[in-house]
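Data first, discussion second: the structure below is written as structure tokens.
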Amino acid sequence: MNNVLSLDSLLTYFNLSSNAIGSSRWWKNLAKSEAPFIKVQQDGFCKVLFIWQDPEGDQHLSSTTSVILNVNGLTNHNTWQPSCLQRHPETNLWFACLTINDQWRGSYSFIPIHDNQSPQLVQQQSDGSREAQRRWWLEVVKQQRVDPLNSGPPIASGWGLSSPLHLPNAPSELGWHEWDQGKLNNLPIAENITVTWSAEKLKNKRQCTIFSTATSSAPLVILLDGDKWGADTGTLSVLQYLTNINKLRAAHYLLIPSLNNKTRWRELSCYQPFWQSVTEHLLPQVEKQLLESEQSITEYLVAGQSLGGLSAVFAGAYFPDYFSKVISLSGSFWWPEIERMQDPDAFKLNNEKWDTRLPKNSLADRVSNNEITVSGLDIYQTVGNAEKQLCVYNDMHYAVFEEKGANIMYQKVEGGHDWLSWRSSLMNGLITLLPAQT
């Protein structure tokens, strides 16, 4: 990520002005162009220039001593030497230039940090361990900021808001392009139904949402981490739009929220009581609510990402009478060997054949040993090429499940562990498994 060219040369290369860099007039003119700034190469890549304006001024006025460029999937979160922007001397301007695959779609943000947050200083003051580095990162990432020069709608993530980056050859996004342009706000959306799910087995209670694009009998799609797919994200508007243009079958959608991170880790880590409570208590409530509107459920589909992608496949494998169709996005198929992801470098050193040995007692391991059957299960599975570790485990999972009779469409996309990537894959998965009826 180091900048090879000077800022003056980069600005010239990107057809941007290099006169009076950092002045008010210069920033005003720059704002007329769309950031980040992209230059297509001839080798399947793009040069991407990121520029951030320090609101406190130049190095003499600002308390910011470094700015991390946090590109989801490209920035290494597990190092004391993260990729940073470079300050242009005597100005309020920070910049960096990356070379990225021209099919890339992902989110990014800027993280300004101060002297006392310097990774070098924190490393010296701590024991320098992986755990110390992780604590430092989780603290500074709270300070991430969107790119004010980027006109795209912000993307919500677990760490806050980020800005979108769509490179020229990224696959088209049905529905999401229209949402980003503000064209879907006025589409008719059916009134949502709220269901209170009191789960005695789980010792908790939550509000779930039913959203319908159907007016009669239709499939029910369960969206795990449903609080992340609500109306404010555009998801419901896009679902309605794709149904209206006859790309997607009319359906009912059940958004199941995750209460908190601790509960999410327990419930979505192949936890049978969670799905027992869903099938025995939540789904009957949903069916009752739909029947009151003279609607019913014809089949079930469950979709999730990360741990949710793991849990969705678990539901299909262990509750086949309900879930015959599954969408898994960046599934956490390293489970239950958490050490594979907590410190992957150490795990590789201690396990020579780590990339060929199935995680013990994982779903793939259980299927491989014929403990459970997945024959006939329909799965739409994706993972980002930038998710190096997860690619290995998703490859393992795919190979075993396909061999054992599951019907899997498996795709790798140019992206990371990222909501911006997942939103496209969710719609593609739904169109694949629930295509509009002609």
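What the table below lists for this structure:
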{"read-out": "Radius 13 Å from Cβ of Arg266, net charge of other residues (Lys, Arg +1; Asp, Glu -1)", "value": "+3"}
{"read-out": "Projected-area mean, region 60-133, by convex hull of Cα positions, square nanometres", "value": "6.0 nm²"}
{"read-out": "Shape category assigned to region 93-250 from the gyration tensor of Cα positions, a/c cut at 1.5", "value": "oblate"}
{"read-out": "Whole-Å distance, taken between Cα centres, linking region 252-299 and region 360-438", "value": "21 Å"}
{"read-out": "Largest-first ellipsoid semi-axes for region 314-438, taking √(5λ) over the Cα gyration tensor eigenvalues, angstrom", "value": "25, 19, 10"}
{"read-out": "Per-residue HN-Hα couplings for region 332-347 [Karplus 6.51, -1.76, 1.60; θ = phi - 60°; Hz; x = Gly/Pro]", "value": "7, 7, 6, 4, x, 7, 4, 4, 5, 9, 5, 9, x, 5, 5, 5"}
{"read-out": "Separation between Cα centres of region 125-174 and region 1-59, rounded to whole Å", "value": "20 Å"}
{"read-out": "Scaled radius of gyration (Cα, divided by 2.2 N^0.38 Å) that the chain gives", "value": "1.05"}
{"read-out": "On Cα atoms only, tilt of 283-292 relative to the major axis of the chain in degrees", "value": "80 degrees"}
{"read-out": "Amide H contacts of Leu377 (H built 1.01 Å from N, under 5 Å, at least 5 apart or other chain)", "value": "Asn407"}
{"read-out": "Against the rule of thumb 2.2 N^0.38 Å, how large the Cα Rg of region 42-84 comes out", "value": "1.51"}
{"read-out": "Scattering profile of region 17-69 at q = 0.17, 0.32 Å⁻¹ [log10 I(q)/I(0), Debye over alpha-carbon scatterers]", "value": "-0.71, -1.23"}
{"read-out": "Surrounding net charge for Trp94, when Lys and Arg each add one and Asp and Glu each subtract one, Cβ distance under 12 Å", "value": "-2"}
{"read-out": "Normalised convex hull volume, region 253-327, alpha-carbon set, Å³ per residue", "value": "87 Å³"}
{"read-out": "Rounded to whole Å, sorted largest first: equivalent-ellipsoid semi-axes of region 310-360, Cα gyration tensor", "value": "28, 10, 8"}
{"read-out": "Exposure proxy ranking, count of Cβ atoms within 10 Å, fewest first, for His252, His177, His88, His397", "value": "His177, His88, His252, His397"}
{"read-out": "Loop-located GluC sites (Glu not before Pro) in region 332-392 whose Cβ has at most 13 other Cβ within 10 Å (DSSP)", "value": "Glu352, Glu371"}
{"read-out": "Relative pair counts by distance (%), Cα atoms of region 176-433, 5 Å bins", "value": "1, 6, 13, 18, 19, 17, 13, 8, 4, 2, 1, 0"}
{"read-out": "Backbone HN-Hα couplings from phi across region 54-65 [Karplus 6.51/-1.76/1.60, Hz, Gly and Pro as x]", "value": "6, x, 8, x, 7, 5, 7, 10, 8, 8, 7, 9"}
{"read-out": "DSSP beta bridges in the chain [antiparallel fraction, %, rounded to 5]", "value": "60 percent"}
{"read-out": "Of Lys142/Lys353; Lys205/Lys388; Lys47/Lys142; Lys32/Lys388; Lys325/Lys348; Lys228/Lys348, pairs whose Cα-Cα distance is over 30 Å", "value": "Lys142/Lys353; Lys205/Lys388; Lys32/Lys388; Lys325/Lys348; Lys228/Lys348"}
{"read-out": "If the convex hull is drawn through the Cα atoms of region 7-166, its volume per residue in Å³", "value": "117 Å³"}
{"read-out": "Top positive-direction residue, dipole computed over region 21-142 with Cβ charges, set Ser83, Leu69, Ser107", "value": "Ser107"}
{"read-out": "Karplus (6.51, -1.76, 1.60) ³J(HN,Hα), θ = phi - 60°, over region 398-413, in Hz, Gly and Pro reported as x", "value": "4, 4, 5, 5, 5, 4, 8, x, 6, 9, 10, 9, 10, 10, 10, 10"}
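Coordinate-derived values only; no laboratory data. From a predicted model like this one, the values you see are computed outputs, not experimental measurements. Methodologically, a virtual Cβ is constructed for each residue, glycine included, from the backbone with ideal geometry; neighbour enumeration extends over all protein chains shown.
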